[in-house]
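Colleague: Provided herewith is a single structure, encoded as structure tokens, for subsequent inquiry.
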Amino acid sequence: MTRPWILPMSLMVCGAPVATALVIEGSAGAAVAVLLVFVLLAWLHSPLAFPPSTGAVEARRRSALDGRPIVYWRAGCKYCLRLRIRLGRSARRMHWVDIWRDPAGAAAVREANDGDETVPTVVVAGRPHVNPDPGWVRGQLPPSL
């Protein structure tokens, strides 16, 4: 599926000519800095910045077994990115479902949000929470992991 890669690739396509123009002007250092900023932004908005996704059905099954929250997200969402960054290493202790890759995940989010695909939607103990505070989410992790 290409939709999650549209924003990261657009950032790379925009950054390359800007860096090239700076090199032509003789500002190689500035060109490297600008290119690094565009690469970092592209990476942050790509699926690569998030833990590996699983399907919604599998995430629900695993969550029922281990009690870990399920995070429904999509690439390019600034609120998902904020949650992911603020969770730090704790993010790997949750089940992540990319709603653009999993139709069942998108359906679960629509069901929890009156038909809207509002993300991040975090499901803790079967209850959905839309765009919750990252500190609160971290506090919902089971201590035995």
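The values are calculated or read from the model by the stated rules, or taken from the named source; none is laboratory data. Computed from a predicted model, the values in this text were never measured in an experiment. Please note: Cβ atoms are built from the backbone with ideal geometry, for glycine as well, and neighbour counts cover all protein chains shown.
Colleague: Only residues that are on the phi < 0 side of the Ramachandran plot, loosely packed, with under 14 Cβ neighbours inside 10 Å and acidic (Asp, Glu): list them for segment 105-137, please. Give the steps one after another, and end with the answer.
Modeller: First pass over segment 105-137, keeping only residues on the phi < 0 side of the Ramachandran plot: 105-113, 116-124, 127-130, 132-137.
Checking the rest, the ones that are also loosely packed, with under 14 Cβ neighbours inside 10 Å come to 107, 111, 116, 127, 133, 135-136.
Scanning segment 105-137 gives 111, 116, 133.
Colleague: Are any residues in segment 105-145 in contact with a strand residue (DSSP E or B) (Cβ under 7 Å, 6 or more places away or on another chain) and either assigned to a strand (DSSP E or B) or closer than 20 Å to residue 85 by Cβ (or both), and if so, which ones?
Modeller: Across segment 105-145, the qualifying residues are 118, 119, 120, 121, 122, 123, 128, 129, 130, 132, 137, 140.
Colleague: OK, next. Among the residues of segment 32-55, write down those that are in the same structural domain as residue 119 (by TED's automatic domain parsing) and more than 22 Å from residue 82 (Cβ to Cβ).
Modeller: 55
Colleague: Identify, from the list 49, 91, the residue that is closer than 21 Å to residue 131 by Cβ and without any contact (Cβ under 8 Å) to a residue 40 or more places away in the chain.
Modeller: After applying the criteria, what remains is 49.
Colleague: Restricting to helices (runs of 4 or more DSSP H) lying wholly in segment 23-97: which have 2 or more residues that are closer than 24 Å to residue 7 by Cα?
Modeller: Counting at least 2 such residues, we get 28-44, 78-87.
Colleague: Right, another one. Looking for whichever is charged (D, E, K, R) and without any contact (Cβ under 8 Å) to a residue 40 or more places away in the chain here; the options are 68, 62, 74. Which one fits?
Modeller: 62
Colleague: Has segment 85-97 got any residue that is over 15 Å from residue 138 (Cα atoms), modelled with pLDDT of 95 or more and among the β-branched types (Val, Ile, Thr)?
Modeller: yes
Colleague: A further question follows. In this structure, does residue 100 turn out to be surrounded by 14 or more Cβ atoms within 10 Å (Cβ to Cβ) and either out of contact with any helix residue (DSSP H, G or I) (no Cβ under 7 Å at 6 or more places or on another chain) or part of a helix (DSSP H, G or I) (or both)?
Modeller: no
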